[in-house]
Amino acid sequence: MIAAQHMPDGLLARMKTWRHHLHQRPELGNQEYETADFVAQVLSEAGLDVHRGIGGNGVVGVLRRGSGSKAIGFRAELDGLPIAEDVTHGHRSLHRGRMHACGHDGHMAMLLGGAHLLAVQDGFEGTAVFVFQPDEEQGTGARAMIADDLFGRFPVDAIFAIHNLPGLAAGHFAVRQGPIMASEDNFSLRVIGKGTHAAMPQSGIDAITTAAEIVTALQTIVSRSLDPLTPAVVSVTDFVTDGGRNILPEQVTLTGDVRSYRPEVSRIIETSMRRISESICAAHGATCIMEYSREFSATCNTRAEAIFVQKVAESVVGAGLVDGDCSPLMASDDFGLFLERRPGAYCFLGNGDSAPLHNPSYAFNDGILETGALFWANLAKAHLQ
Ligand SMILES: [Zn+2]
Ligand SMILES: [Zn+2]
């Protein structure tokens, strides 16, 4: 494994400037116009071939050396969040109600730094592909880039991503083989009864008591239909009726969210949910319309690539700061969709003791920018040497 490099003079300062520029101008998913312009500009300053408009606002920078056929891909995200920032630092958001509260500004700065770092080095042969995807937060960006033939136009042997993680010590890496982020499914269940006067329930079919039974019974999916060692969450998050003070409703709509790590678990949950709700509705003479959608795939690291990330991270920060078997998170990232098409790995880089992701007081830690850029450049060189 090659040793960590040092940053060329001035590059770290430029990365901070890029990060702060991006932080002040957050744009929501699929509206990342100025962000994409900026990223494209900084990539071309490094001498990369820049390709725009892939899957919407997606940007791809390509760095080629020699005639080697190996290729490696890296992903960062362009989008911010609809959160009103609550911080006092000088580079706070200029866009009211929008904020880089997930640290995607830091991810972009680290990957741009990695591109600049790699562009001035030699000792490798092949292609490095820098992917900046739109709309990670709503989960449409990776899908759109793949549909726009990302991997046909820019074939890579494997693809990698870093996400910063508050609560993990600054500059520490965490990775694991297999699932590291969960899938997210959404559901909506419409229970249709027969509305009636609250004082004459015998004339109707009570959608409320029927739906309430369903809410309780859905809790048995995780506890009774899944292996106790299989993590999953089934949450009913909303219960809306068209009833009133003295009106038993005609309908109840339940909506909710499901997390798990494997497609077969997601299928068991959907099948169980249909069986439970249709059976309970039938028992009470009600009917049920269920919609179930898969919003995010689980992010599952392939074994060899997770080990590769661990080794390269150890070469950058030292073995003591790298956890190669971290706990997975129940949150989701649409990078999982890339990993359904290509081998690869997603890892965490500690952001230190900051406010959590998606919190108005969250702040990306500039102290980890250098580590991220060195990691990217070293990962590329190790694959392409
Ligand atoms: Zn996020
Ligand atoms: Zn994020």
In whole Å, what is the distance between the alpha-carbon centres of the range 107-170 and the range 199-267? 39
Stokes-Einstein D (µm²/s) once Rh is taken as the Kirkwood radius of the range 249-385 over alpha-carbon pairs, at 25 °C in 0.890 mPa s: 131
Cβ-based net charge around L22, under 14 Å, with every Lys or Arg adding one and every Asp or Glu removing one: -3
For the range 170-249, the spread of Cα positions along each principal axis, largest first, Å: 63, 30, 16
Stokes-Einstein, Kirkwood over Cα pairs, the range 240-315, 20 °C, 1.002 mPa s; D in µm²/s equals 131
For the range 319-362, what does the alpha-carbon gyration tensor say about shape, rounded, prolate or oblate, given a ≥ b ≥ c as the root eigenvalues, a/c under 1.5 as rounded, and a/b over b/c as prolate? oblate
In whole Å and largest first, what semi-axes does the C-alpha gyration tensor of the range 130-228 yield when each eigenvalue is scaled by 5 and square-rooted? 46, 21, 14
Calculate the dipole size of the chain relative to its Cα centre from +1 charges on Lys and Arg beta carbons and -1 charges on Asp and Glu beta carbons; express the result in debye to the nearest 20. 420
How many angstrom separate the Cα center of the range 1-57 from the Cα center of the range 343-378? 15
Gap separating the Cα centres of the range 289-306 and the range 78-101, nearest whole Å: 29
Can you tell me what the convex hull of the Cα atoms of the chain projects to on average, as an area in nm²? 20.8
Subtracting the Cα-Cα distance from 0.36 nm times the residue separation, let me have the gained length for R267 to D49 in nm, one decimal. 74.3 nm
With a cut-off of at most 13 other beta carbons within 10 Å, and DSSP calling the residue loop, which GluC sites (Glu not before Pro) in the range 294-385 qualify? Please list them. none
Eligible lysines near K311 by straight Cα distance, threshold 29 Å, same-chain separation 8 or greater: K16, K70, K381
Estimated 222 nm signal from helices in the chain, with DSSP H stretches of n ≥ 4 weighted -39500 (n - 2.57), rounded to 500: -10500 deg cm²/dmol
On alpha-carbon atoms, Rg over Rh for the range 183-296 using Kirkwood Rh? 1.03
Could you give the length gained on full extension between D257 and R224, defined as 0.36 nm per residue of separation minus the Cα-Cα distance, in nm? 10.0 nm
What trypsin sites (Lys or Arg not before Pro) does the range 299-385 have in DSSP loop regions with at most 12 other beta carbons within 10 Å? none
What Cys residues in the chain are without a partner cysteine, judged by a Cβ distance under 4.7 Å? C102, C300, C326, C347
Label-point gap, in nm, between M330 and H6 - each point 7 angstrom along Cα→Cβ: 4.7
For A198 and H21, calculate 0.36 nm times their separation in residues minus their Cα-Cα distance, and state this gained length in nm to one decimal. 57.8 nm
State whether the range 54-161 is rounded, prolate or oblate according to the following rule on the C-alpha gyration tensor (a ≥ b ≥ c being the square roots of its eigenvalues): a/c under 1.5 gives rounded; otherwise a/b larger than b/c gives prolate, and the remaining case gives oblate. oblate
So, relative contact order of the range 80-215 in percent, Cα under 8 Å, 6 or more apart, is 13
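We did not get these values from a lab; they are worked out from the coordinates using the rules stated. Computed from a predicted model, the values in this text were never measured in an experiment. Reconstructed Cβ throughout: ideal geometry from the backbone, glycine too, with neighbour counts over all protein chains shown.
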